[in-house]
Every structure is written in C-alpha cells, then in structure tokens.
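For reference, the structure is listed below as structure tokens.
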Amino acid sequence: MEFHPLLFLIVATIGCALFSAYVLKQFGMPAAIAYILTGLAIGPSGLNWVHDASLFQVLGELGVIMLLFFIGMEVSLPRLLAGWRIAVLGTLAQMLLSVAICSAAAFLLGVKWQTGLLFGFIISMSSTAVVLTMLKDAGELDSPFGQNALGVLLMQDLAIVPIMIIIGLLGGGEVSPWRLSLQVIGGLALMLLAIWLMKQSRWSLPRALKASTDKQVMLGLLICFASASLTSVIGLSAPLGAFLAGMILHAAEEHTWVEDHLRSLYVVFVAVFFISVGLLVDLGFALQHLMAVMLMTLAVFALNSGINTLVLRMLGEDWRMALLTGALLSQIGELSFLLAAVGLSGGLLDRDSHQMVMIVIALTLMLSPLWMLLVRRLVPARRALLDPLIMPGKWP
C-alpha cells in the first residue's frame with residue numbers, strides 16, 4: 001500500500017500536540033505553549049518533519065482571523081466604547097514610549113536611528129492570539145483588565161497601517177495617496193457600519209440559509225472571511241475585519257448557532273497558529289546566540305510590562321490593574337513578524353538581526369503565559385479586577 005507522508009505528518013502533529021498539552025496541563029500551563037513546542041519539535045530545528053512552514057503559517061493566519069471573529073461575537077459595544085480613553089490614549093503613549101526608548105538605545109549602541117525606530121514599533125505590538133486565548137481560558141475577557149487589553153489590541157491592529165507606511169518610507173519606499181485615502185475612508189466606513197448595525201434591534205438571517213447545518217457552517221465562514229477579505233483589500237488588518245463581522249453578527253438572533261457550529265474549526269486553526277510560531281524558531285541560531293536571546297527576551301518582557309504599567313497608571317488605573325494589564329500585553333505580537341519582514345526587505349535589518357527578532361518574538365509568545373503567571377503570583381489582584389463588568393463602563 002502506498003505511504004502518504006501528509007497523513008503521517010497530520011497524525012504525528014496531532015499526537016505530539018495532544019501529548020504536550022496533556023503533560024503541561026498537569027503543571028497548570030496553557031495549551032498554547034504545548035502547540036508552540038510541537039511546532040519546534042516537528043520543524044527544521046527538531047525532527048525536521050516539516051520542511052516548508054508556509055502552509056502552517058497560512059492556516060495559522062486563518063486561526064487568528066477566526067479568533068477575532070469569535071471575540072467580536074462576545075463583545076459588548078457599550079463596554080468597549082466606555083474604555084476608549086485607555087484604548088486610544090494608552091496605545092498611542094505606549095507606542096511613542098517604545099519608539100523613543102529603542103531609538104535612544106540605538107543611538108547609544110551606534111546603530112542607525114531608523115533601525116531603532118523599527119525595533120520600537122516591533123516590540124510595541126502585542127499578540128492578539130495569545131492575549132485573547134489567555135483571557136478566554138481564564139474566563140476573564142469581560143473583566144475590567146480584560147476589556148482594557150482588548151481595547152488596546154484593537155487599536156494596535158488599526159495602527160498597523162500608519163506603521164507600515166512609516167517603515168516603508170524609512171526603507172526608501174513610496175506611499176500612494178490613493179491607497180492611503182482608501183485605507184482611512186474604508187476603515188472609518190466599516191467601523192461606523194458595524195456600530196450602526198449593532199445599535200439596531202435584533203435582526204434575523206434568511207430562513208433558507210438556516211435550513212441545515214451545512215448551510216449554517218458555510219454562512220458563518222462566509223461572513224467571517226468575506227469581512228476579513230474586505231479589510232485586507234483596502235489595506236487594513238484582516239483580523240480586524242473578522243472582529244467587525246463578529247460584532248455585526250452579535251446583533252443577529254442566530255449568533256449562538258454560528259458559535260456552536262464553528263467552534264471546532266476555530267480551535268483547530270488557533271492551534272495551528274501556535275504550531276506555526278514554533279516552526280519559525282531556528283534552534284541552532286538560538287543556541288549559538290543563547291545569552292543574547294535570553295537577555296533580549298527578558299528585556300522585552302520587562303520593558304513592555306513597565307511601559308504599559310506606567311501608561312495605565314498615568315491614565316488613572318490603580319497599580320494592581322496596571323501591572324496585570326501590563327503583564328498581559330508584554331509579549332511581541334504576530335503582526336511584528338510582518339514588520340520584521342518589511343524591515344528586512346527595506347534594508348533596515350540584516351539576515352542575522354532578522355533571525356534574532358523572529359526568535360525573540362516566538363519566545364515571548366511561548367513564555368508569555370509563564371510571565372503572566374509570575375506577575376499574578378507577585379501581584380495578587382482584587383476580586384473586582386477579575387469579575388465581569390456589571391454595567392457598561394462601571395466597575396463592580
């Protein structure tokens with residue numbers, strides 16, 4: 001009988017992920033770490049079962065899109081709008097401080113300021129997938145600090161457009177006025193449409209599309225990926241479009257069955273995203289530069305936690321809330337992989353620097369739950385910080 005390498009890879013990947021998740025669960029560790037370790041084990045740095053990680057990366061991007069779609073169906077618009085001050089001012093201040101510190105460090109180390117600016121943008125982006133996964137697993141998405149983190153993550157997704165423009169200019173690229181206008185006008189129009197639809201009374205999908213499970217599944221996928229495609233076409237973040245689609249569907253009577261029928265696919269794709277992160281790690285390069293990798297990873301956690309904590313404290317949050325949210329947002333996000341690739345193509349990073357950045361991003365994603373666990377142990381939170389909100393914009 002003919003041997004199918006793809007079937008072997010699927011079985012091996014699922015088996016390794018399941019075993020790792022079971023073992024780490026005994027130590028209270030989230031499954032996300034197990035999936036990253038699975039990617040490391042089956043990738044070029046491990047058993048070398050996966051030679052080309054591109055397929056996993058594409059499927060992983062779909063996982064992030066579905067994650068934001070599900071989050072959108074759970075979000076309360078009044079609560080989200082109530083936290084606009086922290087989302088807008090906090091994100092802006094956090095990014096400016098990150099860029100300023102990294103630019104100053106580049107100057108002191110004799111590195112060109114453009115590279116320092118790029119590093120500032122890279123570390124300022126937190127991981128939507130990791131943060132929301134941790135919040136959902138802990139049942140804290142509706143808590144005050146969970147809502148603060150969600151607002152900041154959405155603003156970071158929006159900020160990717162001007163950041164990409166700035167990095168392109170630093171690398172000698174050109175900006176199309178038509179493209180920029182399309183991004184601004186299209187983004188505002190989509191957000192206003194989502195807000196308007198959510199303020200309407202409950203609406204219902206056509207009866208013919210709800211007649212069977214297969215139609216329900218296909219309709220849910222169509223809504224999710226059509227909206228993601230639309231925002232991607234106009235130059236915005238595809239996950240942002242999926243989030244808006246989830247918010248719109250939240251106002252429909254049928255949003256519960258969409259969640260029920262698509263949840264299994266969502267779990268699979270999000271797991272694939274974390275596996276793809278592990279595949280990106282070059283273990284040989286990491287071991288060769290072990291001390292630098294460890295110092296940079298620790299510096300990222302400390303710097304991001306410190307900056308976010310300081311910004312939130314300046315915006316009126318108490319120290320416990322600020323420290324918890326700062327630790328939650330301390331990792332480098334998946335969008336930073338894109339920023340690093342643009343920096344490499346624009347000559348702002350050389351090959352070794354790019355590989356170092358990729359490894360540090362992957363390590364912060366992998367170790368983020370452990371960092372959060374450490375901060376929780378050091379800073380016990382008041383119950384009010386973790387309980388769901390009772391009224392929009394109000395703490396219990």
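Please arrange Ile36, Ile307 by how many other C-beta atoms lie within 10 Å of their C-beta, fewest to most. Let's see the in-between values first.
Details: Ile36 27, Ile307 23.
Arranged by neighbour count, lowest to highest, Ile36, Ile307 become Ile307, Ile36.
To the nearest 0.05, what FRET efficiency results for Trp49 and Arg85 with a Förster distance of 56 Å applied to their C-beta separation?
0.70
Amide H of Met125 versus every other amide H placed in the peptide plane: which residues, excluding those fewer than 5 positions away on the same chain, fall under 5 Å?
Amide H to amide H, under 5 Å and 5 or more residues apart or across chains, Met125 pairs with Gly333.
Under 14 Å from a point 7 Å along the Cα-to-Cβ line of Arg351: which residues of the range 283-307 have their amide N that close?
285
Using Cα-only point scatterers and the Debye equation, what is log10 of I(q)/I(0) for the range 50-171 at each q in 0.10, 0.12, 0.21 Å⁻¹, rounded to two decimals?
Rounded to two decimals, the profile gives -0.40, -0.56, -1.17.
We did not get these values from a lab; they are worked out from the coordinates using the rules stated. What you see is a predicted model, and the numbers here were worked out from it, not measured in a lab. For neighbour counting, all protein chains shown are included, and Cβ atoms are generated from backbone atoms with ideal geometry for every residue, glycine included.
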